[in-house]
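Shown next, in structure tokens, is the structure this report addresses.
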Amino acid sequence: MSPAPLDRRTELAAGLARVRQRITSAAQAAGRGPDDVQLVVVTKFFPASDLRLLAELGVSDVGENRHQEAEAKAAECADLGLRWHFIGALQSNKAAAVARYADVVESLDRAKLVAALARGAQERGGPVEILLQVSLDPPEARGRAGAKPDELARLAELVAAHESLSLRGLMAVAPPREEPIEAFERLASIRAEFLREHPSAGWLSAGMSGDLEQAISVGATHVRVGSAILGLRPRIK
Ligand SMILES: *Cc1c(COP(=O)(O)O)cnc(C)c1O
């Protein structure tokens with residue numbers, strides 16, 4: 001038997017309350033207001049029924065990282081008024097499709113994706129907000145998602161050339177084998193330099209279940225939190 005919906009609702013409400021409290025405390029410790037940090041609840045692997053409960057509990061922003069799953073859930077939950085953040089690896093042949101339902105694409109990391117995203121955004125008839133994903137890996141370990149810091153200027157220029165795309169800022173994931181705070185301090189200085197050229201692109205999406213405090217301490221405006229709210233993701237779908 002599947003658990004009664006009321007139990008899941010209670011579970012999600014408790015997870016949300018804990019995470020909201022962590023955000024508030026971290027913001028306070030950093031001398032920032034709790035409203036300076038937007039919670040994006042990462043719902044990948046979890047069913048549309050959870051999204052419905054989260055919306056009822058006041059969640060406005062959700063994140064997904066796999067195109068097919070995200071597209072299906074966005075259609076199924078179209079009545080909920082959620083803002084959809086795409087936070088996963090983008091394939092160039094899927095980028096236009098992602099921009100048709102994602103309100104925010106956080107993972108733009110190479111030039112090849114820009115035109116396709118712009119086309120998808122235009123087809124949906126509204127601007128799509130864009131974050132450039134920057135890699136915090138040491139140079140010898142690169143190859144994972146994310147542009148190199150010195151590629152950001154060119155990417156930003158390409159995005160700015162499209163009216164259907166709205167450049168908002170940067171996104172990053174802390175590398176696994178390093179203290180998150182060290183990586184996030186590098187991120188803060190990359191961002192400071194980026195802001196000199198793009199002062200209106202002030203969003204910084206950083207911090208997940210395990211490191212949201214460290215991200216908020218360096219200025220994150222968006223945290224992407226999954227397991228601390230929804231529980232452990234199933235290993236296989
Ligand atoms: C899955 C995912 C998250 C959420 O991770 P949790 O540790 O479950 O909070 C955040 N950001 C990205 C890019 C992800 O893929």
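The values are calculated or read from the model by the stated rules, or taken from the named source; none is laboratory data. Just so you know, these numbers come straight off a predicted model, no measurement behind them. Cβ: placed from backbone, ideal geometry, glycine included. Neighbour counts: every protein chain shown.
Take residue 154 and tell me if it is surrounded by 18 or more Cβ atoms within 10 Å (Cβ to Cβ), touching a residue at least 40 places away in the same chain (Cβ under 8 Å), of a type in the set (D, E, K, R) and under 26 Å from residue 116 (Cα atoms). Criteria not met by residue 154. Taking the numbered list (1) touching a residue at least 12 places away in the same chain (Cβ under 8 Å); (2) surrounded by fewer than 21 Cβ atoms within 10 Å (Cβ to Cβ) in turn, residue 199 passes all entries but (1).
Table: residues versus (1) closer than 26 Å to residue 95 by Cα; (2) of a type in the set (Gly, Ala, Ser); (3) touching a residue at least 40 places away in the same chain (Cβ under 8 Å); (4) more than 12 Å from the ligand (Cβ to nearest atom).
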site: 162; (1), (2), (3), (4): yes, no, yes, yes
site: 166; (1), (2), (3), (4): yes, yes, no, yes
site: 194; (1), (2), (3), (4): yes, no, yes, yes
site: 206; (1), (2), (3), (4): yes, yes, no, no
site: 223; (1), (2), (3), (4): yes, no, yes, no
site: 230; (1), (2), (3), (4): no, no, yes, no
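Within region 209-225, not a single residue is assigned to a helix (DSSP H, G or I), at pLDDT 95 or above and loosely packed, with under 15 Cβ neighbours inside 10 Å.
Among the candidates 74, 70, single out the residue that is surrounded by 23 or more Cβ atoms within 10 Å (Cβ to Cβ), closer than 18 Å to residue 59 by Cα and within 18 Å of the chain's Cα centre (by Cα). Spell out how you get there, then give the answer.
Numbers: 74 fails: surrounded by 23 or more Cβ atoms within 10 Å (Cβ to Cβ).
After applying the criteria, what remains is 70.
Scanning region 42-84 for residues that are assigned to a strand (DSSP E or B) and either among the aliphatic types (A, V, I, L, M) or within 13 Å of the ligand (Cβ to nearest atom) (or both) gives 42, 61, 62, 63, 64.
Quick check on residue 202: is it closer than 19 Å to residue 34 by Cβ and more than 14 Å from the ligand (Cβ to nearest atom)? So residue 202 passes the test.
Sort out which residues of region 120-159 are touching a Ser or Thr at 6+ places or on another chain (Cβ under 7 Å) and part of a helix (DSSP H, G or I), and write them in order of number. Steps first, please.
First, pick out the residues of region 120-159 that are touching a Ser or Thr at 6+ places or on another chain (Cβ under 7 Å): 121-122, 127-131, 133, 142, 144-148.
Of everything in region 120-159, those that are touching a Ser or Thr at 6+ places or on another chain (Cβ under 7 Å) and part of a helix (DSSP H, G or I) turn out to be 121, 122.
As a summary of the residue check, residue 88 satisfies the conditions (1) under 24 Å from residue 171 (Cα atoms); (2) part of a helix (DSSP H, G or I); (3) of a type in the set (Gly, Ala, Ser) except for the one numbered (2).
Kindly indicate the residue of region 85-125 that is closer than 30 Å to residue 56 by Cβ and free of Cβ contacts under 8 Å to residues at least 24 places away in the same chain and also farthest from the ligand (Cβ to nearest atom) among those meeting that condition. Reasoning before the result, please.
Initial filter on region 85-125 (closer than 30 Å to residue 56 by Cβ): 85-88, 97-107, 120-121, 124-125.
If we keep only those that are free of Cβ contacts under 8 Å to residues at least 24 places away in the same chain as well, we get 86, 125.
Values: 86: 10, 125: 27 Å.
Filtering first and then ranking leaves 125.
Quick check on region 182-191. Is at least one of its residues of a type in the set (A, V, I, L, M, F, W, C) and part of a strand (DSSP E or B)?
Taking region 182-191 first, the residues of a type in the set (A, V, I, L, M, F, W, C) are 183-184, 187-188, 190.
Applying the additional criterion that residues be part of a strand (DSSP E or B) yields none.
Within region 182-191 (the criterion being of a type in the set (A, V, I, L, M, F, W, C) and part of a strand (DSSP E or B)), the answer is no, since none of the residues qualifies.
Here residue 65 clears all of (1) over 23 Å from residue 220 (Cβ atoms); (2) polar (S, T, N, Q); (3) under 19 Å from the mean Cα position of the chain (by Cα) except the condition numbered (1).
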